[in-house]
Every structure is written in C-alpha cells, then in structure tokens.
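Engineer: Structure provided below as structure tokens; questions to follow.
The values are calculated or read from the model by the stated rules, or taken from the named source; none is laboratory data. What you see is a predicted model, and the numbers here were worked out from it, not measured in a lab. Glycine also receives a Cβ, built like all others from the backbone with ideal geometry; neighbour counts cover every protein chain displayed. For the accessible areas, the whole protein counts, side chains as well, though only heavy atoms, and no ligand, DNA or RNA atoms are used. Shrake-Rupley method; radii C 1.70, N 1.55, O 1.52, S 1.80 Å.
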Amino acid sequence: MSSFTFKQFHINQQHCAMKVGTDSILLGAWVDIAQVKNVLDMGSGTGLLALMLAQRSSLDCLISAVELDPAAAQQAQGNIAHSPWQERINLIQADVRDFLHTSSETFDLIVANPPYFDQGVECKNEERELARYAKQSHLDWLIWAAERLSETGKISFVLPYEAAKTLEKRTALYCIKQTEIISKVGKSSQRMLITFSKQPQNLLRDQIVIYDEENHYTNEFIALTKDFYLKF
C-alpha cells in the first residue's frame with residue numbers, strides 16, 4: 001500500500017523502505033504518555049509513531065523525530081506537515097547515534113521500533129536493508145537513548161520476544177513493563193513491548209492477543225487501537 005489512513009491523520013509511504021505495520025501501531029497506542037512533555041522517536045520512518053504520540057499527548061508536548069534515510073525523512077516531513085500537529089513535531093534527517101551524541105537535550109520519553117533482524121537474505125534496495133536489518137545491537141540503541149533520557153524518563157521499544165528478553169538481561173536500566181504480543185489465541189509470543197527506566201519500579205507484565213480463534217480481532221486489541229484504526 002502506498003498510503004494508510006487513520007482516524008486523525010494520513011500516512012503516505014511509497015518512498016519509505018518500511019511501511020506502516022502492526023508493531024509500531026501497538027507501540028504508539030501502548031506507550032505511557034502520562035506527564036510527558038518532550039519525546040524522541042528514534043528512526044521515525046514514515047513518522048507514524050511521532051504522529052500517534054502527538055495525537056495522544058497534551059498540547060504542550062513536543063516531539064523530535066529522527067530518521068536517517070533522506071527519502072523516508074522527506075516523506076515523513078510531508079506526513080507531519082499535513083497533520084494537525086505539525087507545530088509540535090520536529091523532523092530531523094540524521095543518524096540517530098550522531099543526533100544523540102551531539103544533542104544536549106533530554107527527553108522524558110524515547111520510543112523506537114528498531115531494526116529487528118540479523119543480516120539475512122539481501123533486500124532489493126539499500127534503504128530497506130538498512131531499515132530491516134540490525135547494523136547495531138538493540139543494546140546499542142538502548143545505551144544511546146539512555147544518554148539523553150531524563151532522570152525520571154522512560155524508554156519504550158517494540159522487539160521480537162527473544163530479543164526483548166535478551167535485552168532485559170544485558171542492560172543496567174530497570175525494566176518496568178513488559179507486554180507480550182501474541183498474534184492469535186494458542187500461539188506463542190512473537191513480539192514484546194518493553195519499557196525501561198533509570199528509576200527502580202515494580203515490573204508490570206501482561207499480554208495482548210490480536211486475533212481470537214475465529215480470526216476476529218480481540219476486544220483488548222480493539223480497545224487499545226480504536227482511536228487510530230478506521231475499522232474500529
């Protein structure tokens with residue numbers, strides 16, 4: 001699909017290597033935005049996460065969206081410009097690592113849907129390969145984010161289930177929330193929504209099942225995403 005329409009904004013994506021997907025939609029709808037005033041979206045792609053968080057957050061919340069690929073950054077900028085929140089979202093075309101190392105700004109929420117996969121089958125273009133395959137580890141992404149995280153801030157990623165469990169064991173940050181994503185009743189967890197903080201808190205664990213036995217969306221999935229999907 002070259003475009004995707006949500007209830008309050010529209011995404012054009014024909015020039016973006018990675019298209020709108022359920023993972024980012026789940027993260028954008030799930031992440032805790034209570035009292036959040038300064039957000040960073042690492043690897044913004046189409047701008048989807050930035051736009052979802054703009055829709056959910058208060059009018060004084062500012063969002064920085066960083067995207068490396070020039071074509072994706074240009075398209076994300078267009079998506080933002082045609083949204084109700086263009087004054088609150090700043091799109092930066094840059095390498096996330098460079099941006100975080102040179103910025104003096106701190107953020108009270110940092111989100112990412114980072115590249116998931118180890119190098120595998122060659123993609124048809126360099127842009128999709130960059131978006132799909134992890135050139136750096138997920139721990140690298142978490143360390144970079146922690147450098148610019150406020151003392152009471154949170155970092156939230158969506159990752160493959162096993163990758164998230166591995167990351168939890170390797171970081172010195174506190175894991176404070178885990179939500180397992182199950183595609184259908186009876187299947188094992190494929191993804192995890194995971195949140196880290198510099199401050200210790202009790203770990204909250206739960207799960208979301210997307211489809212029931214009859215391939216209908218579950219009530220919990222509808223409740224989480226109904227503010228975005230036109231079909232709900």
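Engineer: What are the pairs, 6+ residues apart or on separate chains, where a residue within region 213-232 that is farther than 16 Å from Val20 by Cβ has its Cβ under 8 Å from a residue that is of a type in the set (Asp, Glu)?
Structural biologist: Thr218/Asp212
Engineer: If I ask for residues that are β-branched (Val, Ile, Thr) and open to solvent by 50 Å² or more (accessible area, probe 1.4 Å), which ones from region 167-213 would you list?
Structural biologist: Val185
Engineer: Does region 49-90 hold any residues that are assigned to a helix (DSSP H, G or I) and over 16 Å from Leu109 (Cα atoms), and which are they?
Structural biologist: Those that are assigned to a helix (DSSP H, G or I) and over 16 Å from Leu109 (Cα atoms): Pro70, Ala71, Ala72, Ala73, Gln74, Gln75, Ala76, Gln77, Gly78, Asn79, Ile80, Ala81.
Engineer: Also, I was wondering about something else. Could you give me the residue pairs with C-beta distances under 7 Å whose first residue belongs to region 72-94 and is without any contact (Cβ under 8 Å) to a residue 12 or more places away in the chain, whose second residue is crowded, with 21+ Cβ neighbours inside 10 Å and of a type in the set (Val, Ile, Thr) wherever it lies, and which are 6+ apart or on separate chains?
Structural biologist: Correct list of pairs: Gln86/Ile80.
Engineer: Residue check, Ile143 against (1) over 22 Å from Arg56 (Cα atoms); (2) in contact with a helix residue (DSSP H, G or I) (Cβ under 7 Å, 6 or more places away or on another chain); (3) among the β-branched types (Val, Ile, Thr), all met but one. Which one?
Structural biologist: The failed condition is (2).
Engineer: Yes or no: region 34-43 includes at least one residue that is in contact with a strand residue (DSSP E or B) (Cβ under 8 Å, 6 or more places away or on another chain), part of a loop (DSSP other than H, G, I, E, B) and closer than 17 Å to Pro115 by Cβ.
Structural biologist: yes
Engineer: Within the bounds of region 102-112, is there any residue that is open to solvent by less than 50 Å² (accessible area, probe 1.4 Å) and at pLDDT below 95?
Structural biologist: Within region 102-112, one or more residues are open to solvent by less than 50 Å² (accessible area, probe 1.4 Å) and at pLDDT below 95.
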